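Here the structure comes first, spelled out in C-alpha cells, and everything after it is commentary.
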Amino acid sequence: MILEQVVKRVVIAGGGTAGWVVAAALGKHLGRLVEVTLVESEEIGTVGVGESTIPTVRSFHALLGIDEREFLRATSSTFKLGISFENWAEIGDRYFHAFGVVGRAIWMGDFHHFWFRGREQGFAGDIGDYCFELQAALAEKFATSEKGGINYAYHLDAGLYARFLRSFAEANGIKRVEGKIARVEQNGETGFIEALELESHERIEGDLFIDCTGFRGLLIEGALQAGYEDWTHWLPTNSALPLQTRAVGPALPYTRAIAHRAGWQWRIPLQHRVGNGLVYCSDFMSDDEAHDLLHSSVEGEVIVAPRPIRYRAGMRRKAWVKNCVAFGLSSGFVEPLESTSIHLFMIGVTRLIQLFPFAGITDSLAERYNELSRAELERVRDFIILHYKATERDDSDFWRQCREMSIPDTLAARIELFRENGIAYQAQDDLFRVDSWVQVLLGQRVTPKRYHAMGELLGDAQLEEALADLKGNIARAVAGMPTHQAFVEGYVT
C-alpha cells in the first residue's frame, strides 16, 4: 500500500518518556519541514518503571544538543557505570556487566583469550581487574573529563525526564494538545489513519501517526491490528512492582539486579531517592508475596506505595503499519533487565528520521524500518534470555524452568560457540559489544573448553607483565578519582 501524499503533519499519540523523546528529536531535526503535535492526557498515568539507561543515551543527547549539567539538575540523575548481577548463576554469586572495554584487543582476537591463558598459568586476576569502569564502580568512584576516558550512562527519574524533554520539544516548536483519545478515524478504502478524535470531539488530523500509547497500542493494535509476537516462553516474568524510597546513603554509580526465587529486584540510586522494584512471574509468586519480599528488602522511607504492573514480553509483528509507527511499550517490551527500553525508542526515532517519508509512505520504507527494528530487538532479546537460561540455580521451580527451557537458535549458537571455542562476537545488528557478551557469559558460569592460542604467542613472561601493568594502571587511575557522590554534588551545583 502506498500513500503518495506528502507528509507534513505528524501526530504523536501519548506522552511519557517515549512520546517526548520522539517529539524532541523530530522537533530538533525536522522542525522546519514538518508540523508535530503531541496528544496526551494528564489523567492517564505512565508505567515509568525504567529509570536506568545505557551509554547510547549520551550520543542521543549530543544529537539534540542537550547540556549534561542542565539535564542532571532537571532529572535528579546520577551516573551509571554498569550493572551488578547478584544471585543469578547461583545464590551468592556476583558479577558485573560494566560499560567499559575489558583489557586490550588485537586484530587476531579479543582480550579475554589473553586472560584465559593468564588464568590457566595462574598469574591473571579476575577479568574485571582489567576494566576501568568496573573497578571505578566497585570503588564507588566517578569523574568525567573533556578528554573522555570513561564510558557511562545515567540513572534518571522517568517522570522528570519526560517533563524535561517536553520543555525542550516545545521550545523547538512541538504543539501539545491535552485530551483523551476517543476514536481513531481511518480511511474507509486504504485503512490509513486520518485523524484522532478526542473525548472533547476535537479532531487532530495528520499524515503520519506515532503510537506511544503504552501496552494497549491504541493505534498500532487497536486500529491497525499489527499483531503481537509473544516471547513469554523465553522471558517468563510478567509482573513488576515498583517502589520509591528516600536515599539513606551515598548514591552508587551502578544499578543492582538481584535475583530472587521467581525473578529479580532492581535498585537504582538517584540524587535524593532510590528506585526499587520487583520483577516476577505471577505463575510462581503472588502479588502479596512480591509485596512482602520487596518491602522486606528495601532501605529508607517509602515515598510511593507500589502497585503491580502487568506485561507480556514480545513485540508487534510490525512496528510500522500503513501510516503509523509504534514506539516504546506500544511496539513491544522485552523487560528492564539490561536497561534497553529508552535506547530502543531513541534508536527508533533516529531510524525514522533517516527513513522519513517526506514524499509519501511506501511499503519499501516501512519494510526497511521493520527489518532494522526486528533485527535489533531480537538480538536484545537473546542477550536477556542468556541471563535466565545460563543458570545453575536449582532452588525454585522458576529457575528450574529457565534452565530447561528451549531458546532461540541464534542464542543457542552463540552459547555453543563460546563454550566450545571461547569466541564471542558483535554482529551488525547487535546492540551489545563483545565485552558485554563475555562478561555475562562468564558471570553466568559459561566456561569455554578452549580458547585462541594468541596468548602463547606473546609468551608467559611478557603476558604476565602486560596484565600486571594494565591492572596497576587502572588501580592508580581509580585511586585518584573522587567518590561518585562527591562528583555528582559538585557537578550539579
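The values are calculated or read from the model by the stated rules, or taken from the named source; none is laboratory data. Model, not experiment: these values are computed from the prediction. Neighbour counts are summed over all protein chains in view; Cβ atoms, including those assigned to glycine, are modelled from backbone coordinates with ideal geometry. For the accessible areas, the whole protein counts, side chains as well, though only heavy atoms, and no ligand, DNA or RNA atoms are used. Shrake-Rupley method; radii C 1.70, N 1.55, O 1.52, S 1.80 Å.
Tell me which of these Glu133 doesn't satisfy, since it passes every other one: (1) modelled with pLDDT of 95 or more; (2) open to solvent by 60 Å² or more (accessible area, probe 1.4 Å). Glu133 satisfies every listed condition except (2). As for segment 382-391, it holds no residue that is assigned to a loop (DSSP other than H, G, I, E, B), of a type in the set (Phe, Trp, Tyr) and more than 22 Å from Tyr451 (Cβ to Cβ).
List the residue pairs whose Cβ atoms are under 9 Å apart, where the first residue sits in segment 366-386 and is more than 16 Å from Arg317 (Cβ to Cβ) and open to solvent by less than 20 Å² (accessible area, probe 1.4 Å), the second is in a helix (DSSP H, G or I) and not hydrophobic (A, V, I, L, M, F, W, C), and the two are 6 or more positions apart or on different chains. Qualifying pairs under 9 Å: Val380/Glu338; Val380/His343; Asp382/Thr410; Asp382/Arg414; Phe383/Glu338; Phe383/Ser436; Ile384/Glu338; Leu386/Arg414.
Looking at this structure, is Val438 open to solvent by less than 20 Å² (accessible area, probe 1.4 Å) and either more than 21 Å from the chain's Cα centre (by Cα) or of a type in the set (A, V, I, L, M) (or both)? It is true that Val438 is open to solvent by less than 20 Å² (accessible area, probe 1.4 Å) and either more than 21 Å from the chain's Cα centre (by Cα) or of a type in the set (A, V, I, L, M) (or both). For the residues Val6, Val10, Val34, the requirement of being β-branched (Val, Ile, Thr) and open to solvent by 30 Å² or more (accessible area, probe 1.4 Å) singles out Val6. Of everything in segment 278-307 that is modelled with pLDDT of 95 or more and part of a strand (DSSP E or B), the residue that is farthest from Ala247 (Cα to Cα) is Tyr280. Just to verify a result, which residue in segment 308-356, among those that are among the hydroxyl-bearing types (Ser, Thr, Tyr), in a loop (DSSP other than H, G, I, E, B) and in contact with a Gly (Cβ under 8 Å, 6 or more places away or on another chain), is least open to solvent (accessible area, probe 1.4 Å)? Per the stated criteria, the residue is Ser339. Annotation note: Cβ proximity below 6 Å between a residue of segment 303-328 that is in contact (Cβ under 8 Å) with a residue 40 or more places away in the chain and farther than 30 Å from Asp292 by Cβ and a residue that is open to solvent by less than 10 Å² (accessible area, probe 1.4 Å) and among the acidic types (Asp, Glu) (sequence gap 6+ or interchain) occurs for Cys324/Asp211; Ala326/Asp211.
If you take the residues of segment 88-106 that are under 21 Å from Val478 (Cα atoms) and β-branched (Val, Ile, Thr), which of them is surrounded by the most Cβ atoms within 10 Å (Cβ to Cβ)? The selected residue is Val102. The residues of segment 391-431 that are closer than 21 Å to Phe116 by Cα, touching a helix residue (DSSP H, G or I) at 6+ places or on another chain (Cβ under 8 Å) and not hydroxyl-bearing (Ser, Thr, Tyr), listed by number, are Arg414, Ile415, Phe418, Gly422, Ile423, Ala424, Gln426. Being touching a residue at least 40 places away in the same chain (Cβ under 8 Å) and assigned to a strand (DSSP E or B), is that true of even one residue in segment 132-153? The answer is yes, given that some residue of segment 132-153 is touching a residue at least 40 places away in the same chain (Cβ under 8 Å) and assigned to a strand (DSSP E or B). Within segment 201-213, restricting attention to residues that are open to solvent by 40 Å² or more (accessible area, probe 1.4 Å) and in a strand (DSSP E or B), the residue that is farthest from Ala25 (Cα to Cα) is Arg203.
Tallying residues that are open to solvent by 10 Å² or more (accessible area, probe 1.4 Å) and part of a helix (DSSP H, G or I) within segment 62-87 yields 7.
So that you can scan it fast, the table gives a plain yes or no per residue for (1) within 16 Å of Arg419 (Cβ to Cβ); (2) modelled with pLDDT of 95 or more; (3) out of contact with any Asp or Glu (no Cβ under 7 Å at 6 or more places or on another chain); (4) part of a helix (DSSP H, G or I):
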{"position": "Trp437", "(1), (2), (3), (4)": "yes, yes, yes, yes"}
{"position": "Val440", "(1), (2), (3), (4)": "yes, yes, yes, yes"}
{"position": "Tyr451", "(1), (2), (3), (4)": "yes, no, yes, no"}
{"position": "Gly472", "(1), (2), (3), (4)": "no, yes, yes, yes"}
{"position": "Met481", "(1), (2), (3), (4)": "no, yes, yes, no"}
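State yes or no: is Gln426 under 25 Å from Thr56 (Cα atoms) and open to solvent by 60 Å² or more (accessible area, probe 1.4 Å)? The answer is yes for Gln426. You will find that of Arg273, Arg216, Arg261, the residue that is open to solvent by 50 Å² or more (accessible area, probe 1.4 Å) and at pLDDT below 95 is Arg216 and no other.
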